[in-house]
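The values are calculated or read from the model by the stated rules, or taken from the named source; none is laboratory data. It should be emphasised that the depicted structure is a prediction, and the values quoted were computed from it without experimental measurement. Neighbour counts run over all protein chains shown; Cβ positions are idealised from the backbone, glycine included. Note: accessible area is taken over every heavy atom of the protein model, side chains too, but ligands, DNA and RNA are not part of it. Shrake-Rupley method; radii C 1.70, N 1.55, O 1.52, S 1.80 Å.
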Amino acid sequence: MTRVAVTCLQLLRDLEQHRAPLDDRSWDVVPAHVPGQHLEGDALVDAMRDCVGVVAGDDQFTADVLAQLPTLRVISKWGIGIDGIDLEAAERHGIVVRNTPGMFNDEVADITMAYITIVVRRLVDIDRGVRAGSWPKPPGRSLQSLTLGIVGLGAIGRATAVRALAAGMPTVGTDPSPESREAATAMGVQCVDLDELLAKSDVIAINAPLNAATHHLIDEAAFDAMREGVYLVNTGRGAVVSNDALVAALDVGKVTACALDVMEHEPPPLDDPLRQFDNVVFGSHNASNTLDASARVSDVAIANLIEELERS
């Protein structure tokens, strides 16, 4: 019998609503127990034993893990990011990797703009004050007075630009892709290189994927190049921003406030120095997580799995 695993938290939550195409093929569906955000190491190997395919979340399919899964033929990634999968090792083992690009553009862009508004209008400070019994009225900044710099002009970055431009924010962006830059320019985004973006932007939104070129792209030198009192929002990937460099920038006041839906270490350990800053708003890598988007992506991820297994 064809045995397939589900390790994605969102699909595990809603599996009964989406498993019909798998049951129609009489496949053995194995829901994994995922106690945290994802599986890795021996726990992932155990969950995947004898499976030919998986609808995966943010699980860490390293070369060592893949070497212990001789029956695996297809990884259908629920969502966009495939930085947790060793693609070279997967290719060596003949494992097909698919993801679901373009499914969360609006959801992540909505959250990006929400985070921008939260930090520049100091909404968390107000909430904390009211809960403590005071009635604070801290002055914020008007969106129209701030230049937004978008790092990563893919579909999510451009969806963020649509919202920022509608709010009246002058918007600049950077991306290595000529096609992305051309599409962003047609929308009214001024495309610049990273150094110019860092120098011009009052608010910086990270919408870049994680790869060798973007790992710690925002490092100590990048923070040095930013304007004093910049705001930072990261809804891309945590390790695009160096945790140590961000802590240092917050410590000296270079960054006025930041919102982090994603972090270099997820979840952040209790002794993470970022926790000491009241001007850091934490998310939980949850920007894409709406019931509507989850349903769309679950259907596509299952369809990708079926297509590849029936092709092989």
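Looking for something of a type in the set (S, T, N, Q) and either more than 25 Å from residue 238 (Cα to Cα) or touching a His at 6+ places or on another chain (Cβ under 9 Å) (or both) - is there at least one such residue anywhere in the range 73-90?
no
Tell me which residues, restricted to the range 72-87, are touching a residue at least 24 places away in the same chain (Cβ under 8 Å) and either open to solvent by 60 Å² or more (accessible area, probe 1.4 Å) or part of a loop (DSSP other than H, G, I, E, B) (or both).
The answer is 72, 73, 78, 79, 80, 81, 83, 84, 86.
Which one of these does residue 294 not meet: (1) of a type in the set (Ser, Thr, Tyr); (2) in a helix (DSSP H, G or I); (3) closer than 23 Å to residue 143 by Cβ?
Single failed check for residue 294: (3).
Consider the range 14-56. How many of its residues are assigned to a helix (DSSP H, G or I), under 30 Å from residue 263 (Cβ atoms) and without any contact (Cβ under 8 Å) to a residue 40 or more places away in the chain?
Count: 7.
Given 4, 65, which one is touching a residue at least 12 places away in the same chain (Cβ under 8 Å) and not in a strand (DSSP E or B)?
Residue meeting the stated conditions: 65.
Quickly run through the range 11-35 and pick out the residues that are out of contact with any strand residue (DSSP E or B) (no Cβ under 8 Å at 6 or more places or on another chain), open to solvent by less than 40 Å² (accessible area, probe 1.4 Å) and closer than 22 Å to residue 83 by Cβ.
Selection gives 34 alone.
Run down 203, 247, 172, 189 and say which single residue is touching a Ser or Thr at 6+ places or on another chain (Cβ under 6 Å), touching a residue at least 24 places away in the same chain (Cβ under 8 Å) and not small (Gly, Ala, Ser).
189
State which residue pairs qualify: first residue farther than 17 Å from residue 1 by Cα and inside the range 298-312, second residue open to solvent by 10 Å² or more (accessible area, probe 1.4 Å) and assigned to a helix (DSSP H, G or I) in any location, beta carbons under 8 Å apart, and separation of 6 or more residues or different chains.
Every condition considered, the pairs that remain are 298/10; 298/17; 298/18; 299/18; 302/18; 302/21; 303/21.
Considering only the range 123-142, I want to know if a residue exists there that is aliphatic (A, V, I, L, M), exposed (fewer than 15 other Cβ atoms within 10 Å of the Cβ) and either more than 21 Å from residue 241 (Cβ to Cβ) or under 22 Å from the mean Cα position of the chain (by Cα) (or both).
yes
If residue 97 passes every condition in (1) buried (at least 23 other Cβ atoms within 10 Å of the Cβ); (2) more than 15 Å from the chain's Cα centre (by Cα); (3) not charged (D, E, K, R) but one, which one does it miss?
(1)
Would you check if residue 178 is at pLDDT below 95 and either over 21 Å from residue 142 (Cβ atoms) or surrounded by fewer than 18 Cβ atoms within 10 Å (Cβ to Cβ) (or both)?
Here the answer is no, as residue 178 does not meet what is asked.
Just the residues that are surrounded by fewer than 17 Cβ atoms within 10 Å (Cβ to Cβ) and farther than 17 Å from residue 266 by Cβ, please, taken from the range 46-71.
Result: 46, 49, 50, 63, 64, 67, 68, 70, 71.
Can you give me the number of residues within the range 135-157 that are assigned to a helix (DSSP H, G or I) and over 14 Å from residue 185 (Cα atoms)?
The number of residues fulfilling the criteria is 4.
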